[in-house]
Amino acid sequence: MKNLKWKVLFVLIVAAGALYAALTKPINLGLDLKGGTHLVLQIDTEKALENEVSAALREIKRRLEEENLPLVSAKREKTTIELEFLTPEAAQKAASLIKEDYGEMFAISVSGNRITLKLKPEYVSKEIDRLAEQALETIRNRVDQLGVAEPVIVRNGKDRIIVELPGIKNPERAKKVIGKVANLEFKEVVAVARTPDELITRLGGELPPGSTVIVEPSPTGPKFYLIKDGKREEIKVKSLEELVKRFGGSIPEDQQVLIQEIKNQEGKVVGYNFFIVKREPILTGAYLKDAYPSRDEYGMPAVSFVLNSEGARIFENYTAKHIGTRLAIVLDNKVQSAPVIRSQIGARGQISGQFSYQEARDLSIVLRAGALPAPVKIIEETTVGPSLGKESVEKGIKAGVAGIIIVMLFMMLYYKTAGVIADLALLMNVLLLWALMALIGATLTLPGIAGFILTIGMAVDANVIIFERIREELRKGRNLFPAVEAGFARAWGTILDANVTTLIAAAVLFQFGTGPIKGFAVTLSLGILTSMFTAVFVTKVLLDLLVRYKPSLFRI
């Protein structure tokens, strides 16, 4: 008798706690209910590894110069470096030096006076993991500065990141801020060409007699056309290097050609300048300490930046030695501006490039948050409007209420008094499930509502098994109390097996599913746990109360 009283008290305390949590703590709604944007981003790890190898090559060349080991040539092909020295002895000595600094990164092989450096597979694996974590943190910082409430930013697999932005009002701006690499570089300008003809001839190419090459803007970038004898023919090339080669020219190994967009007052691209620059940067955004929107000398929007102490030292040394030359400020392989160095420059500078104020503000955000370690590509995008989300919530609630009412009516009609007790347990199950989801911060999605409704049926399924076992015991002539005890004991094994197997399926969905599927798995898993508690424990307590104190009311 005492045990039953304690059990009743425990059920009342749990019910009161669940009611308090459900009323005071709001539940998070997913994108499909609240509206917002769901993005799946893929990281270009191959490009990032190439950048790392490029940086390593710069440091290796500097170290070899300090050690008085002159290079005949230094080439990089993607993630492989080839170094050529004057003698085999110099190559052996250089290999020892490189091994000290980069032994964990490169597999080093020496053949005569040549050294070949290739990335080690184990290094590549660790670096891809580091790149993904760094990209995750960078994107999280950018989203935080956008002011999005309750975003979801998680890693998915080796090189993918899922970003969910509930209630976002300007998804296009968010995509630009999140996906912009913001790879800032300062490069030495070798020459400037105003036209494709000038670029081709500067790099040793030759145009057919009586012809000219023009460039026109397009939504996908610059398009080149050959004009000859009044005819116009598109030159289909994938890069400026390919364009130059088409006419017999070549770009030196230590140089590259970058484009500068010329925009009108409306921000539309109307033309291009072509900058021949040194391939290796003087400085990168890694030395950036701060960035903020400002105005240039003409009152136009710009971005001012502050370098850290190491970056300031490098910048001061370089600008002091190169007064009178041009310096290209490059953002994601596009020249933003290329001012002439008039005097030594320290820790502060400015990027101007025909920005709108919003563009300058967004660029400041991504520069402050840090450059992405590699380019990212949006491979999946889903946007749900707030009106569609509201409609989904309303329909989901109606479906849930209808499901509860139908199930409760069936249980009362078919199992009579025992059915009423099952209905009370069912209502407590709904209350417990809602409270648990609010307490753990789970997100309710449209499939989650489906999982919610599914658990209603599963909760009474356990009661059906129990009640049928009790009926069997009563038909055998047992008294009411022993029949109830035996019914629960016989049903327990079946209920446990059914719920454990469903819980395993839910765990698999949670592990390998994404977005709304995870929401379904969470709701289903919590629903299984709460239904086992209410269908078995709470129902047993209520039946024991009825059998002990009002057995004449019992009907099944």
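The values are calculated or read from the model by the stated rules, or taken from the named source; none is laboratory data. What you see is a predicted model; the values in this text were computed from it and never measured. Neighbour counts run over all protein chains shown; Cβ positions are idealised from the backbone, glycine included. Side chains are part of the model used for accessible areas, which takes the heavy atoms of the whole protein and leaves out ligands, DNA and RNA. Shrake-Rupley method; radii C 1.70, N 1.55, O 1.52, S 1.80 Å.
Listed values (1) 108, 59, 48; (2) 86, 53, 46; (3) 79, 46, 41 include one computed from this model; for Cα extents along the principal axes in Å that value carries the label (1).
Quick one: Debye curve from the alpha-carbon atoms of the range 442-556 only, equal weights, vacuum; give me log10 I(q)/I(0) at q = 0.09, 0.10 Å⁻¹ to two decimals. The computed values of log10 I(q)/I(0) come out as -0.31, -0.37.
What does the charge count around LEU474 come to, taking other residues whose C-beta lies under 15 Å from its C-beta (Lys +1, Arg +1, Asp -1, Glu -1)?
Details: positive: LYS416, ARG469, ARG471, ARG475, LYS476, ARG478, ARG490, ARG555; negative: GLU468, GLU472, GLU473, GLU485.
Taking every Cβ under 15 Å from that of LEU474, the sum is +4.
Each residue, VAL306 and LYS398, gets one label point 7 Å from its Cα in the Cβ direction; the gap between the two is 5.7 nm.
Sparsely packed loop sites in the range 447-514 (the trypsin sites (Lys or Arg not before Pro) outside DSSP H, G, I, E and B with at most 15 other Cβ atoms within 10 Å) comprise LYS476.
Every helix of 4 or more DSSP H residues in the chain counts as -39500 (n - 2.57), and over all residues that averages to -17500 deg cm²/dmol at 222 nm. Our summary of shape: the Cα atoms of the range 92-247 have principal axis extents of 61, 60, 28 Å, ordered from largest down, in whole angstrom. How much FRET efficiency would the formula 1/(1 + (r/R0)^6) give for LEU97 and ARG471, where r is the Cβ-Cβ distance and R0 is 60 Å, rounded to 0.05? So, using R0 = 60 Å, E works out to roughly 0.10. Site pair ILE440 and LEU207 shows an inter-label distance of 6.9 nm when each label is modelled 7 Å from Cα along Cα→Cβ.
Between ARG478 and THR24, what FRET efficiency follows from the Cβ-Cβ distance if R0 is 35 Å, with the result rounded to 0.05?
With R0 = 35 Å, the Cβ-Cβ based efficiency is 0.15.
Any idea what the dipole of the range 476-556 comes to, in debye rounded to 20, about its Cα centre with Lys/Arg Cβ at +1 and Asp/Glu Cβ at -1?
340 debye
I'd like the carbon and sulfur percentage of the solvent accessible area for the range 152-285, probe radius 1.4 Å, heavy atoms only, ligands and nucleic acids excluded.
47 percent
Among the lysines, which have Cα under 19 Å from the Cα of LYS5 when same-chain residues fewer than 8 positions away are ignored? LYS5 reaches LYS540, LYS550. Extension gain for the segment ASN264 to ALA320, taken as residue separation times 0.36 nm less the Cα-Cα distance, is 16.7 nm to one decimal. Computed from backbone phi, the HN-Hα couplings of the range 180-189 come to 5, 5, 6, 7, 8, 9, 10, 10, 6, 8 Hz, rounded to whole numbers (Karplus: 6.51 cos²θ - 1.76 cosθ + 1.60, θ = phi - 60°; Gly and Pro given as x). Pairs from the list LYS34/LYS223; LYS34/LYS263; LYS61/LYS223; LYS47/LYS245; LYS61/LYS321; LYS175/LYS231 with a Cα-Cα gap above 31 Å: LYS34/LYS223; LYS34/LYS263; LYS61/LYS223; LYS175/LYS231. Annotation: average projected area of the range 96-182 is 7.9 square nanometres, based on the convex hull of Cα atoms across all directions.
Note that the chain presents 52 Å² accessible area per residue, ligands and nucleic acids not counted, probe 1.4 Å. Taking 0.36 nm per residue of sequence separation and removing the Cα-Cα distance, the ARG361/TYR123 pair yields an extension gain of 82.0 nm.
Dipole size in debye (nearest 20) for the chain around its Cα centre, Lys and Arg Cβ +1, Asp and Glu Cβ -1?
2040 debye
The modelled label-to-label distance for the pair ARG246/ALA191, using points 7 Å beyond Cα in the direction of Cβ, is 1.9 nm.
Within the range 525-556, the trypsin sites (Lys or Arg not before Pro) that combine a DSSP coil assignment with at most 11 other C-beta atoms in a 10 angstrom radius are ARG555.
For the chain, the longest principal axis of the Cα atoms and the long axis of helix 480-512 meet at an angle of about 10 degrees. Our estimate of slack between VAL110 and LYS236, defined as 0.36 nm per intervening residue step minus the Cα-Cα distance, is 41.3 nm.
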